[in-house]
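Here is the structure we will look at, set down as structure tokens.
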Ligand code: ADP
């Protein structure tokens, strides 16, 4: 019974879910009770106190113990702490002072124990109040004792010495027990915390492993699906119905892929593993890649795509190109996705805070459905889609903007959004980038790279009848897809299902390029790469080897770069990506480029907005006073001085920011008559 209770008490004291103050209350209370019970008899004998006084002390201690046990059982520790502290301060300690020799005894040292008790069990305001009460009680005792010496039962000189020594020894013992307990508790909590950290790290690692292997496992079959689908899309005799289905498969496949990438990014950001890797990058090629991607999507939806790049943007900047691309693609994809008619616009310009850096300001504007004011605060929340009713039929997960925001923050940048419901939205991103070239980008002409493959009739970008390549992959379907995608380039394509098969082939045949999968059973792509490079009697020690893998992610690129691969392609891979890589690595003399239709792309001038800038000063409130003849003569674009919101149409009496103004003036589609709308 006693053992059981003792174990329960121990469990309680080491239970980390209970507050430290509550546990200290239990421990300290029992130490005090023990001290009272076991100290009462010896000190009564030594100090020659009457037995009745010793018995009172023991009874008090027992009552104290019973009350503590009761408070634990009934979960009334908070009130018990107050009751006991008040009894201690106003009854027990003063009684001790007056009956045990006042200041000439062990009482002052013992009183310190009371102070320690209060401070170890109370917290917050309660602790402050109890300390004040304690001080008042002690001051009162001292003053009363000083002016009324008769109130104090005093000791002889010998008694005072003995009592003060006993007091010191008891306090010392109590402090020893308490501090030992606290040290033990502290060590235990520390161990528990480091165990928890380890567990969390393990969980994080396992989660990352899970996501990256899930990404790998999903990419491998998608490679087959999208690859074979591309082959269907290339077929000239495919009916419109088949073509439509194939496009839908393509859309769904890409969507699935985007989802995997987003989930990977979210898990990486949450694990604090998303690193910003700054490099020197060419602004024009970054823009060209993005513009080409979005242009097509906007065109498919019948939207106008405006691109305006300030000619003063440096030609080359220093920053994380990959993440900036990701941010832009996300914002532009959303702009296209949530706009049914009108236009999507991309603006880029720079501010120059100092001679080495620029603040790159990117605006993505659309004339789409807009965002309700009450939804704006939740726009960047993970998995949060706003206005779900309206968006029900628009695919999305609510991850994109949250990733964008976190990436921008990782780059110490800022993202803001300005939106009028049912009118459109403008996302503005400001990022500090290093300047790595004194040259300016100028009037950039981006050509629509649809070129060869945009029409209904598919054509390869090159032919290379004298070239021979090897593709190594343990997945037979992937091998077939890649072979079929290159069918028509007239290259000789050999296939190997394992690293060992590949080595047998490289020993006897000379290749121009090898595409190598990474994760394969027995010999993986990296080992196979090393073996080809060092193959005795091999014919391919120095040829370009491109890793073609379902292992996505920045850390893998680093691994492949360090290994020495000449290029990196991630599955699912398109015919175009394979061909681009081959054009870059096949011997030039073996490649016959297909130039037909390469210039078919539309040229997009990107500095029109800046060319059109007009030197005017406009105050919206006075605008309507300008005579129509002057407006016409000076070609002043007029901003309607009303604000249209979902609440209705209002007169605009706020200043319009100059950037908005410039943007507005350059957008002819918004030109209106100066006639104000009637309310
Ligand atoms: P989703 O995958 O749903 O597009 P995002 O995180 O990219 O996820 O966007 C979150 C929500 O913000 C979207 O569901 C949409 O309601 C709203 N949103 C984002 N961009 C726009 C935009 N350009 N116009 C209107 N609404 C937008």
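The values are calculated or read from the model by the stated rules, or taken from the named source; none is laboratory data. Since we're looking at a predicted model, the values are computed, not measured. Positions of Cβ are generated from backbone atoms using ideal geometry, with glycine treated the same way; all protein chains shown enter the neighbour counts.
Given the criterion at pLDDT 95 or above and more than 19 Å from the chain's Cα centre (by Cα), identify the matching residue among 439, 432.
432
Out of 397, 339, report the one residue that is in a loop (DSSP other than H, G, I, E, B), within 8 Å of the ligand (Cβ to nearest atom) and surrounded by fewer than 19 Cβ atoms within 10 Å (Cβ to Cβ).
Values: 339 fails: surrounded by fewer than 19 Cβ atoms within 10 Å (Cβ to Cβ).
From the options 397, 339, the qualifying one is 397.
Out of the helices (runs of 4 or more DSSP H) lying entirely within the stretch 474-551, which hold 3 or more residues that are in contact (Cβ under 8 Å) with a residue 40 or more places away in the chain and over 35 Å from the mean Cα position of the chain (by Cα)? First the steps, then the outcome.
Details: elements: 476-486, 499-508, 525-533.
By residue number, 476-486.
Identify the single condition in (1) modelled with pLDDT of 90 or more; (2) surrounded by fewer than 21 Cβ atoms within 10 Å (Cβ to Cβ); (3) within 27 Å of residue 18 (Cα to Cα) that residue 75 does not satisfy, given that it satisfies every other one.
Every listed condition holds for residue 75 apart from (1).
Could you go through the stretch 429-445 and let me know if any residue there is near the ligand (Cβ under 10 Å from one of its atoms), in contact with a helix residue (DSSP H, G or I) (Cβ under 7 Å, 6 or more places away or on another chain) and within 25 Å of residue 272 (Cα to Cα).
no
Among (1) more than 14 Å from the ligand (Cβ to nearest atom); (2) surrounded by fewer than 20 Cβ atoms within 10 Å (Cβ to Cβ), which single condition is residue 378 missing?
That leaves (1) as the condition not met.
Which one of the conditions (1) farther than 25 Å from residue 344 by Cβ; (2) in contact (Cβ under 8 Å) with a residue 24 or more places away in the chain; (3) surrounded by 16 or more Cβ atoms within 10 Å (Cβ to Cβ) does residue 291 fail to meet, given that it meets all the rest?
Residue 291 satisfies all of (1) farther than 25 Å from residue 344 by Cβ; (2) in contact (Cβ under 8 Å) with a residue 24 or more places away in the chain; (3) surrounded by 16 or more Cβ atoms within 10 Å (Cβ to Cβ) except (1).
Give the number of residues within the stretch 410-422 that are within 13 Å of the ligand (Cβ to nearest atom) and out of contact with any strand residue (DSSP E or B) (no Cβ under 6 Å at 6 or more places or on another chain).
Summing the residues that are within 13 Å of the ligand (Cβ to nearest atom) and out of contact with any strand residue (DSSP E or B) (no Cβ under 6 Å at 6 or more places or on another chain) in the stretch 410-422 gives 2.
Being touching a helix residue (DSSP H, G or I) at 6+ places or on another chain (Cβ under 7 Å) and part of a strand (DSSP E or B) narrows it down to one of 305, 318, so name that one.
305
Test residue 368 against the criterion of being within 8 Å of the ligand (Cβ to nearest atom), modelled with pLDDT of 90 or more, assigned to a loop (DSSP other than H, G, I, E, B) and out of contact with any helix residue (DSSP H, G or I) (no Cβ under 6 Å at 6 or more places or on another chain), and give yes or no.
yes
Given the conditions (1) touching a strand residue (DSSP E or B) at 6+ places or on another chain (Cβ under 7 Å); (2) closer than 23 Å to residue 414 by Cα; (3) within 15 Å of the ligand (Cβ to nearest atom); (4) assigned to a helix (DSSP H, G or I), and given that residue 363 satisfies all but one, which numbered condition is not satisfied?
Of (1) touching a strand residue (DSSP E or B) at 6+ places or on another chain (Cβ under 7 Å); (2) closer than 23 Å to residue 414 by Cα; (3) within 15 Å of the ligand (Cβ to nearest atom); (4) assigned to a helix (DSSP H, G or I), only one is false for residue 363: (4).
Anything in the stretch 342-356 that is surrounded by 20 or more Cβ atoms within 10 Å (Cβ to Cβ) and out of contact with any helix residue (DSSP H, G or I) (no Cβ under 7 Å at 6 or more places or on another chain)? List them, or say none. Before the answer, list the steps.
First, the residues of the stretch 342-356 that are surrounded by 20 or more Cβ atoms within 10 Å (Cβ to Cβ): 344-350.
Within the stretch 342-356, 345, 348, 349, 350 qualify.
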